[in-house]
Amino acid sequence: MTTRPDAVDGPHDPRAEAGTSAEAGVRARPDARALADRDRARLLHPFLPGEQHSRIVMVEGEGCRLRDAEGREYLDATAGMWLCQVGHGRREIAEAAAGQMRTLEYSTVFWDYTHDRAVELAERLVGIGSDDTRRVFFTSGGSEGVEIALRMARNVHHRRGEPDRTWILTRDSAYHGAGYASGELSDFPPYTTGFGPHPGQVHRLSAPYPFAAGEAPEKATDLLVHELESAIDRIGAHRIAALIGEPVLALGGMVAPPPDYWPRVEQVLRRHGILLILDEVVTAFGRVGHWYAADRIGVRPDLTVLSKGLTSGYFPLGAVVTSEDIARTLGGDGGFPVGHTYSGHPVGCAVALANLDIIEREGLLDAAERAGARLGEELRSLHDIPLVGGTRQYGLTAAVEIVRAPGSRDPLPEGTYAIADQIRDRTGVLVRGGPRALTVAPPLVLSDRETTEIVAAFGEVLSGLPVRS
C-alpha cells in the first residue's frame, strides 16, 4: 500500500514483524466470498439495512488507506469512525501494545489498586488540558463515558444537597452514544424506537444549525441563548443537573456553532449552577487543531468525555476528565462508586500514550489545521453542483450539504446514505452519509494529494445526480 512521504518509519509491511515467509509463512489472501458468507451467518451488525446482502471485508490498513479481502484499495476519509488520528498500520503503537502485554496484560483500578500506565496517562491527559482539569476516570469508550458523566453530574448535585437537580439538557441533531441514557440524549430515532420505557427527564434544545433554520449567523446565538434561558425558566434551574453538547455536531453534520455560542451558553449555565458536559469523543486529540476543542471554543467544562482519538482506535479506551471543583465534590480521595472491568486497561493506556506521542512528535495538531484549511478551500469547487447546498469545514472535519433541489434548503427525505455508498463503490473514497450532509474527518496525516482525491470523488458522483423538481 502507498505510504505518506513523511512517514517516520518508512513503508510498512504488515508481515515484517512476523518474520520472513520462511520463518513464519506469508499470510495468504483470505477468501472474500467465504468470509462474507460466514459473516452473514453469524454476525449481527449495527445499523445494517434489512435487505443489504453485500459485505466489504477489510483486511489491511496503512496511513489513510484500507484494503479489502478482494484487493481493492480505499481512501479512508472517515478515519474509521472519526477516530484514527495517526493513520492506520502504525508499527510503534503495535509494539507498545505487545510490550505492555508481555509486562502486565491486565490490572484493575478498582478500590486501592492502580498501575503505572494508568497513572502516566491520567497525568498526560491533565497536563494537556486547561489549568482546571484535575481528575481522570477511565472507561472503555464514548457511550460508557457519557453514562459516567451523567452519573457524576447528578451525583455532584446530590452531594451538594440539591438532589432535585436531575434534568439533562441536550440538543437536536446530537449524538452521545448507544447506552440507555446516552442513547436517549441522541437525536436519532433508531436509538430509542422500540426500546422504551426511557430514562426521561431530558429536554432537547435547538441545534446551532443556521443553514437549516435560515437565520443570519449574527442572530443565531441570540435566538439559541434565549431558548436556553426560557427552558431553564420553565423547568426550573433547581431541577437541572447539566447540559451536554458536542463542540461540533458530528453525526448531525459536522456543524460548528457561531464563535460566540459556547461562551454565552457557558455564562448562562454558570449563572444558574448548571454543569457543562462537553462530549469531545470526536473533537479531542487534534481533530480541530487542539488537544481539546474546549481550548478552541473558549470554555472550561465541568466534565469532558473522551475516547476515539485517545488511542486512534488501536484499543477501546475512553475517559471522563473532571474540573477541580467536580473532583473535590466527588471525593478528595479519588473515589467514585461506579466502575467497569476494563477501566484503565494497561494495554489501552500504553497504546494511548504511544498514540499521543505520535500526535505530538509529528505535529499533527498543526497538520490538522493545514489539511483542514486546504480541504475547505477545495470543497468550495463543489458549489456549482445543483444539489450541493453548501460546504463547511472546521479543523479536519468537513461536510457537504445535499439539498432536494437547486436553491432549496430542504434535505433529501432519504438522507445521504445511498450517496455515500455510491461514492465508495465508484471511487473507492469512504465518506459518511447522514440525514442532511455527507461528512468527512480523515486521519490527521492526510496529504495534499489525498485531499484532492476526496474532493474529486465528491465531484464525480454529485455532478451526476439527477436534479429533482
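The values are calculated or read from the model by the stated rules, or taken from the named source; none is laboratory data. What you see is a predicted model, and the numbers here were worked out from it, not measured in a lab. Every residue, glycine as well, gets a Cβ built from its backbone with ideal geometry; the counts of neighbours run over all protein chains shown. With ligands, DNA and RNA removed, areas are computed over all heavy atoms of the protein, side chains included. Shrake-Rupley method; radii C 1.70, N 1.55, O 1.52, S 1.80 Å.
Among the numbered conditions (1) open to solvent by 20 Å² or more (accessible area, probe 1.4 Å); (2) within 26 Å of Asp172 (Cα to Cα), tell me where Ala398 comes up short.
(1)
Listed residues Asp68, Asp131, Asp76; which is out of contact with any Ser or Thr (no Cβ under 7 Å at 6 or more places or on another chain) and without any contact (Cβ under 8 Å) to a residue 24 or more places away in the chain?
Only one candidate passes the filter, namely Asp131.
Checking Lys308 against (1) under 17 Å from Asp131 (Cα atoms); (2) charged (D, E, K, R); (3) buried (at least 19 other Cβ atoms within 10 Å of the Cβ): exactly one of these is not met. Which one?
(1)
Between a residue in region 415-426 that is within 16 Å of Leu251 (Cβ to Cβ) and any residue that is among the basic types (Lys, Arg), which pairs come within a Cβ distance under 9 Å, given they are 6 or more apart or on different chains?
Gly415/Arg436; Thr416/Arg432; Thr416/Arg436; Tyr417/Arg432; Ala420/Arg432
Given the criteria open to solvent by less than 10 Å² (accessible area, probe 1.4 Å) and outside any helix (DSSP H, G or I), does Ala368 qualify?
In short, no.
Of Ile240, Ile168, Ile235, Ile244, which residue is closer than 22 Å to Thr397 by Cα and either surrounded by fewer than 16 Cβ atoms within 10 Å (Cβ to Cβ) or in contact with a Leu (Cβ under 7 Å, 6 or more places away or on another chain) (or both)?
Sole residue among the options that is closer than 22 Å to Thr397 by Cα and either surrounded by fewer than 16 Cβ atoms within 10 Å (Cβ to Cβ) or in contact with a Leu (Cβ under 7 Å, 6 or more places away or on another chain) (or both): Ile244.
Please go through (1) closer than 27 Å to Glu147 by Cα; (2) of a type outside the set (Val, Ile, Thr); (3) not assigned by the TED database to the domain that holds Leu125 for Arg380 and return the number of the only condition it doesn't satisfy.
Condition (1) is where Arg380 drops out.
Starting from residues that are surrounded by 20 or more Cβ atoms within 10 Å (Cβ to Cβ) and charged (D, E, K, R), keep the ones in region 171-204 and report whichever is modelled with the highest pLDDT.
Arg171
Would you mention how many residues in region 17-59 are at pLDDT 90 or above, loosely packed, with under 11 Cβ neighbours inside 10 Å and assigned to a helix (DSSP H, G or I)?
Total satisfying the criteria: 2.
Scan (1) open to solvent by 10 Å² or more (accessible area, probe 1.4 Å); (2) part of a loop (DSSP other than H, G, I, E, B) for the single condition Ala354 breaks and write down its number.
Every listed condition holds for Ala354 apart from (2).
Could you give every pair whose Cβ atoms fall below 7 Å, whose first residue belongs to region 212-229 and is assigned by the TED database to the domain that holds Arg436, and whose second residue is modelled with pLDDT of 85 or more and open to solvent by 60 Å² or more (accessible area, probe 1.4 Å), counting only separations of at least 6 or pairs across chains?
Here the result reads none, with nothing in region 212-229 linked to a residue that is modelled with pLDDT of 85 or more and open to solvent by 60 Å² or more (accessible area, probe 1.4 Å).
Among (1) assigned to a loop (DSSP other than H, G, I, E, B); (2) in contact with a Leu (Cβ under 7 Å, 6 or more places away or on another chain); (3) more than 25 Å from Ile93 (Cβ to Cβ), which single condition is Arg424 missing?
(1)
Here is a check on your reading of the model: is Ala118 in a helix (DSSP H, G or I), within 15 Å of Leu276 (Cα to Cα), open to solvent by less than 20 Å² (accessible area, probe 1.4 Å) and touching a residue at least 24 places away in the same chain (Cβ under 8 Å)?
Criteria not met by Ala118.
Could you tell me how many of the residues in region 130-165 are within 27 Å of Ser312 (Cα to Cα) and either buried (at least 20 other Cβ atoms within 10 Å of the Cβ) or under 20 Å from the mean Cα position of the chain (by Cα) (or both)?
Number of matching residues: 18.
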